[in-house]
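Student: Quick one: structure below, then a few questions.
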Amino acid sequence: MMANWFILLSPKTISIIRILCGLIAAIHFLLLLASGTTWLGPQGLLNTESGRFLIGESVPGTGSFYRWSILFWYPEAIPWVASAGLLASLAAIAGLGSRVSTFIVWFCLSTFHHRAPLLTLLHEPLLVAMFAYLTIDPGRNSWSRPGFSSGTDRITANVATRLIFCHLWIWIAFSLASMLATPLWWNGDAGSLLLQQGRGWLHLPQAWQWASQLLTHLTIATQIAVLCCMLRTDWSWLSRWMLYLFVICVLLLLGDWMYASVLLAASLCLTSNHSLPKIHHGASNSANI
């Protein structure tokens, strides 16, 4: 019910999400400080001219107008933008600056993301969205203050948490759809191919190919389970465990720990969703988010 979006919620969950996302963003900006200029600088592998061409600038229907980035005009500002994002990420972790620090992180992430969308890592779009929602309510001002787990209940914390919930559902749905569009995920060969490429954390002998096929189908099944369980408030505990199982599959097949970390941070909204009916006694226990 829409009414459940506008009830009070403790900022505890959104505060923990902010801290975890801040850690991931800080690592992301450190990596950009190390290699951003090499890729996106004036003489980089993907310089400004190449970047404008690849986003389809001035070509109708490409949506290049929405891929705005100050790095197209000032490519030498790459280390400055990355440094600003890093400092803002650290401030977000410490709970300093409230919405200002989370907005700066979002802006810096979007600046790099729009500059080179073809180089986007799997975790980037989800991390950008997380910080956009954190600008609505970043949680308590400082994690080190007494009473961090309590705080004042507020509507904005509820809205931000539910937006993360909805975005996570859509993200898993698109992930599932993109996999099912490929025959390799239907016949179970996708896992074998990924493991042969050495991308994941799992290494299996050739005789254990059946295990990689089982892991492939488990990846599909866990996503279906997450989507179904997230539709019911009383199944939020099950959706959380199914998402954890999907994260394990991601690590075993892809080895992308940053993507797995963002998913784990977003999964905290499932805990909050399970407790939402208890906050307002007039809310129905069977209400969907």
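Please treat every number below as a calculation from the coordinates, not as lab data. These numbers were taken from a predicted model, which means no experiment stands behind them. Reconstructed Cβ throughout: ideal geometry from the backbone, glycine too, with neighbour counts over all protein chains shown.
Student: Taking only DSSP H segments of four or more residues, each worth -39500 (n - 2.57), what value at 222 nm results for the chain once the sum is divided by all its residues, to the nearest 500 deg cm²/dmol?
Tutor: Dividing the helical sum by the residues of the chain leaves -21000 deg cm²/dmol.
Student: Per residue and in cubic angstrom, what volume does the convex hull of the Cα atoms of the range 9-60 have?
Tutor: Cα convex hull per residue, to the nearest whole number: 109 Å³.
Student: Between Ser50, Ser89, Ser110, find the one with the highest GNM mean-square fluctuation for the chain; connect C-alpha pairs within less than 10 Å.
Tutor: Most flexible of the set in this elastic network: Ser50.
Student: Would you work out the relative contact order for the chain, in percent, from Cα pairs under 8 angstrom that are 6 or more residues apart?
Tutor: It comes to 23 percent, rounded to a whole number.
Student: Another one. Would you mind ranking Met242, Met179 so that the residue whose beta carbon has the fewest other beta carbons within 10 Å leads the list?
Tutor: Arranged by neighbour count, lowest to highest, Met242, Met179 become Met179, Met242.
Student: Okay, moving on. Which distance in Å, rounded to a whole number, links the C-alpha centroids of the range 186-224 and the range 86-130?
Tutor: Spelled out, the Cα-based centre of one part sits 32 Å from the other.
Student: Determine, for Glu49, Glu124, the number of other Cβ atoms within 10 Å of each Cβ, and report the residues in order from fewest to most.
Tutor: Glu49, Glu124
Student: Work out Dmax and Rg for the chain from the C-alpha atoms and quote the Rg first, both in angstrom.
Tutor: Reported Rg and Dmax, both Å: 20.4, 61.
Student: Which value, in debye to the nearest 20, gives the size of the charge dipole of the chain about its Cα centre, when Lys and Arg are +1 and Asp and Glu are -1 at the Cβ?
Tutor: Result for the chain is approximately 680 debye, rounded to the nearest 20.
Student: Out of Gly95, Gly22, Gly56, any idea which swings most in a Gaussian network model of the chain, alpha carbons joined below 10 Å?
Tutor: Gly56
Student: Using +1 at the C-beta of Lys and Arg and -1 at the C-beta of Asp and Glu, which of Leu122, Ile155, Leu40 has the Cα lying farthest in the positive direction of the dipole of the chain?
Tutor: Selected residue: Ile155.
Student: Taking neighbour counts of Cβ atoms within 10 Å as a proxy for exposure, in what order, fewest first, do Ser236, Ser178 appear?
Tutor: Ser178, Ser236
Student: Calculated FRET efficiency, Leu30 and Trp68, Cβ-Cβ r, R0 35 Å, to nearest 0.05?
Tutor: 0.90
Student: In the Gaussian network model of the chain, springs joining C-alpha atoms below 10 Å, which of Ala26, Ala211, Ala129 carries the largest mean-square fluctuation?
Tutor: In this elastic network of the chain, the residue with the biggest mean-square fluctuation among Ala26, Ala211, Ala129 is Ala211.
Student: Another question, then. Between Asn4, Ala88, Val226, whose Cα lies farthest towards the positive end of the dipole of the range 2-279 when Lys and Arg beta carbons carry +1 and Asp and Glu beta carbons carry -1, centred on the Cα centre?
Tutor: Asn4
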